[in-house]
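For reference, the structure discussed in these notes is given below.
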Amino acid sequence: MDERVIGRSGQWASVVGLGTWQLGADWGDVDDKVALSVLETAAEAGVTFFDTADVYGDGRSEETIASFLRGRPDLHVLVATKMGRRVEQIPGNYILDNFREWNDRSRRNLGVDRVDLVQLHCPPTPVYSSDAVFDALDTLVEEERVAAYGVSVETCAEALTAIARPNVASVQIILNPFRMKPLTEVLPAAREAGVGIIARVPLASGLLSGKYTRDTVFAADDHRTYNRHGEAFDQGETFSGVDYGAGVEAAAEFAALAPEGYTPAQLALRWIIEQDGVTTVIPGARSPEQARANAAAAKLPPLPEETRTAIRELYDRRIKDQVEHRW
């Protein structure tokens, strides 16, 4: 699989990575055997970038990745984790002592001396403007606790603030055919600054797979049940902030745009890969079959221009007014 450099870090990631939130929690139950099989299948398909966080299953996702990689010393996989969501979300908690503590825990969970890439995990907005925060992150690099650092953001404004920081290697942001606002300013700014873009929530929590209807029922412990209106965390993380009923209808239109040989999910992933400035896209997978199909999107032919135009028209007509004013 093709790889791209992660901005200023000099590290490389496959154009399709693997998001591992679902291997920890909040997507219904995934047992250990299936989780390891998902990681194995993704790696065998050429994925060289795993994204996790210390809060996913309270460390379970990090530990599962560590267990898998211990058994596959032949693999070169860059592992990015995130920190900052295990405490009250106030700017005062984003200090060097806490960073060291959180980093110690992640390094234990991952079984490494140095984390490849650590990202602030959607912290309060003022954090992005704090010199002390980024000085502390620089200290983690100087102490060889992390090789590089980036941020995960909710809004385009937060992304632009982070991109202006001289040592930020990457920005992780929601980008998909139902969340196009980052194309306007964020991706151009990242390209100019040499900052990598990690595209998350690429399938709008599965909406863009075209598999759901208004009658689909998700498990009680699935965020697609309990966070549809932002009850637990930012609403934009669930269905990209799109109203579920309207999203199902728009997703049916989107699925009909898939060229021959593409699934709707692969169409969404391919569309993201082709956006200038994207480093990697990180779909999750709850089964080996999903992991294999997601990775295959990297080798599909480029999308026809008429398909790209139709996707934009659908977004402008059905989605844009729901999401652009918020994120």
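The values are calculated or read from the model by the stated rules, or taken from the named source; none is laboratory data. What you see is a predicted model; the values in this text were computed from it and never measured. When we count neighbours, we look across all protein chains shown, and the Cβ atoms used for this are built from the backbone with ideal geometry, even at glycine. Ligands, DNA and RNA are stripped out before the accessible areas are found, and what is left, the full protein with its side chains, is counted by its heavy atoms. Shrake-Rupley method; radii C 1.70, N 1.55, O 1.52, S 1.80 Å.
Among the conditions (1) at pLDDT 95 or above; (2) open to solvent by 10 Å² or more (accessible area, probe 1.4 Å), the only one that Val16 does not satisfy is (2). Only one entry of Glu260, Glu237 meets the criterion of being acidic (Asp, Glu), in contact with a strand residue (DSSP E or B) (Cβ under 8 Å, 6 or more places away or on another chain) and either modelled with pLDDT under 95 or under 30 Å from Pro301 (Cα atoms) (or both), and that entry is Glu237. Within region 184-209, the set of residues being touching a residue at least 24 places away in the same chain (Cβ under 8 Å), surrounded by fewer than 24 Cβ atoms within 10 Å (Cβ to Cβ) and more than 16 Å from the chain's Cα centre (by Cα) comprises Thr184, Glu185, Pro188, Ala189, Arg191, Ala193, Gly194, Ser209. Residues that are touching a residue at least 24 places away in the same chain (Cβ under 8 Å), open to solvent by 70 Å² or more (accessible area, probe 1.4 Å) and not in a loop (DSSP other than H, G, I, E, B) within region 309-327 comprise Arg312, Arg318, Lys320, listed in sequence order. Within region 105-117, being farther than 12 Å from Glu144 by Cα, in contact (Cβ under 8 Å) with a residue 12 or more places away in the chain and either in contact with a Leu (Cβ under 9 Å, 6 or more places away or on another chain) or open to solvent by 40 Å² or more (accessible area, probe 1.4 Å) (or both) holds for Arg105, Leu110, Gly111. Within region 216-241, the set of residues being outside any loop (DSSP other than H, G, I, E, B) and aromatic (Phe, Trp, Tyr) comprises Tyr226, Phe239.
Here is a yes/no grid of residues against (1) outside any loop (DSSP other than H, G, I, E, B); (2) touching a Pro at 6+ places or on another chain (Cβ under 9 Å):
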{"position": "Glu144", "(1), (2)": "no, no"}
{"position": "Pro182", "(1), (2)": "yes, no"}
{"position": "Leu187", "(1), (2)": "yes, no"}
{"position": "Glu192", "(1), (2)": "yes, no"}
{"position": "Ile197", "(1), (2)": "yes, yes"}
{"position": "Ala204", "(1), (2)": "no, yes"}
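Residue count for region 30-64 satisfying the condition of being within 16 Å of the chain's Cα centre (by Cα) and hydroxyl-bearing (Ser, Thr, Tyr): 4.
If you go through region 205-242 and keep only what is of a type in the set (Lys, Arg) and in contact with a His (Cβ under 9 Å, 6 or more places away or on another chain), you end up with nothing.
Is it the case that some residue within region 24-34 is touching a residue at least 60 places away in the same chain (Cβ under 8 Å), surrounded by fewer than 16 Cβ atoms within 10 Å (Cβ to Cβ) and of a type in the set (Gly, Ala, Ser)?
Looking through region 24-34, at least one residue is touching a residue at least 60 places away in the same chain (Cβ under 8 Å), surrounded by fewer than 16 Cβ atoms within 10 Å (Cβ to Cβ) and of a type in the set (Gly, Ala, Ser).
Test Val38 against the stated conditions and say whether it is farther than 21 Å from Arg4 by Cβ and surrounded by 21 or more Cβ atoms within 10 Å (Cβ to Cβ). Yes; evaluated as a whole, the condition is true for this residue.
Considering (1) in contact (Cβ under 8 Å) with a residue 24 or more places away in the chain; (2) crowded, with 16+ Cβ neighbours inside 10 Å, the lone condition that Asn98 does not fulfil carries the number (1).
If the condition is being of a type in the set (Asp, Glu) and not in a loop (DSSP other than H, G, I, E, B), then region 96-118 contributes Asp97, Glu101, Asp104. Among the residues of region 66-95, those identified as in a helix (DSSP H, G or I), in contact (Cβ under 8 Å) with a residue 40 or more places away in the chain and open to solvent by less than 60 Å² (accessible area, probe 1.4 Å) are Ala66, Leu69. Looking across region 164-180, the residues that are under 17 Å from the mean Cα position of the chain (by Cα) and either part of a loop (DSSP other than H, G, I, E, B) or under 17 Å from Glu192 (Cβ atoms) (or both) come down to Val168, Ala169, Ser170, Val171, Ile173, Leu175, Pro177, Phe178, Met180. One residue stands out in region 242-299 among those that are in a helix (DSSP H, G or I) and among the acidic types (Asp, Glu): the one that is least open to solvent (accessible area, probe 1.4 Å), namely Glu253. Consider region 139-183 and keep the residues that are of a type in the set (Asp, Glu) and without any contact (Cβ under 8 Å) to a residue 60 or more places away in the chain. The one that is most open to solvent (accessible area, probe 1.4 Å) is Glu142.
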